């Protein structure tokens, strides 16, 4: 059995990742801020696909709870072999960079960067203490954002948090390469989810005008299929590559 912990698994990209990994043979520990009917429904769909699943409550920003979440996942499903860092928050309010509040800045950094860093660290320590056979590698896949690269001045604190998380992924990739742990970063672009719904009307016209090379919104399942490929060690002899799932958004063009 191969088990994955997916954070932020209740909806959107996280839900799509949990289900795609289940289709690819993974048992799923689905973690979100609280266990809701929606999160239980994700676990039910995992089980319908023939895999085992568990719904877990955990605040990524609460570092003290990380070990409890990992323990609960392994107690229910067995040793973890894959961590997908998907959970994250956006800004409290879009607006002028000069009006960013410490509360919004700290929230983005605490969850997106600091919390995810230390959950990755806790998972990595378990992998180091529990070496895999030479021909078997474990994976850590972190979902950042195109905003780790492209500046969005109206969401400055979010961009900073994702840029920091991108560097964290690179650092863990280098540290864990000799521990049979593959670390990757996935940078989604404009993906149609509940989180991006408030911006949909703004970007619809920009997409049609050529903002992305593929002139449509991306779908959560398209991100999930890339994550599943990475979790199956589909990119052998690679270390730390950021992979863009953005329809060509970040390609320099004129």
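List of remarks:
- Residue count for segment 4-38 satisfying the condition of being part of a strand (DSSP E or B) and either without any contact (Cβ under 8 Å) to a residue 24 or more places away in the chain or under 11 Å from the mean Cα position of the chain (by Cα) (or both): 3.
- Candidate set from segment 98-132 (those that are in a loop (DSSP other than H, G, I, E, B) and in contact (Cβ under 8 Å) with a residue 12 or more places away in the chain); member that is surrounded by the most Cβ atoms within 10 Å (Cβ to Cβ): 100
- Residues that are in a loop (DSSP other than H, G, I, E, B) and under 22 Å from residue 178 (Cβ atoms), drawn from segment 225-254: 232, 233, 234, 235, 236, 237, 238, 239, 240, 241
- Taking the conditions (1) in contact with a strand residue (DSSP E or B) (Cβ under 9 Å, 6 or more places away or on another chain); (2) buried (at least 17 other Cβ atoms within 10 Å of the Cβ); (3) under 20 Å from residue 115 (Cα atoms) in turn, residue 46 satisfies each one other than (3).
- Residue within segment 172-193 that is exposed (fewer than 14 other Cβ atoms within 10 Å of the Cβ), modelled with pLDDT of 95 or more and outside any loop (DSSP other than H, G, I, E, B) present: yes
- Cross-chain or 6+ apart pairs with Cβ under 6 Å, segment 41-59 first and on the phi > 0 side of the Ramachandran plot, then surrounded by fewer than 24 Cβ atoms within 10 Å (Cβ to Cβ) and modelled with pLDDT under 95: none
- Among residues of segment 93-115, those that are in contact with a helix residue (DSSP H, G or I) (Cβ under 6 Å, 6 or more places away or on another chain) and closer than 21 Å to residue 188 by Cβ, counted: 5
- Segment 202-224 - residue that is part of a helix (DSSP H, G or I) and in contact with a helix residue (DSSP H, G or I) (Cβ under 6 Å, 6 or more places away or on another chain) and, of those, nearest to residue 25 (Cα to Cα): 224
- When the test is whether a residue is out of contact with any strand residue (DSSP E or B) (no Cβ under 7 Å at 6 or more places or on another chain), touching a residue at least 24 places away in the same chain (Cβ under 8 Å) and either assigned to a helix (DSSP H, G or I) or buried (at least 17 other Cβ atoms within 10 Å of the Cβ) (or both), residue 160 passes it.
- Matching residues, segment 79-97, being loosely packed, with under 14 Cβ neighbours inside 10 Å and in a loop (DSSP other than H, G, I, E, B): 93, 96
- Output for segment 43-68, where each listed residue is in a helix (DSSP H, G or I), within 28 Å of residue 103 (Cα to Cα) and in contact with a helix residue (DSSP H, G or I) (Cβ under 8 Å, 6 or more places away or on another chain): 63, 66, 67
The values are calculated or read from the model by the stated rules, or taken from the named source; none is laboratory data. Here the structure is a predicted model, which is why all the values come from computation and not from measurement. Heads up, the Cβs are rebuilt from the backbone with ideal geometry, glycines too, and the neighbour counts pull from every protein chain shown.
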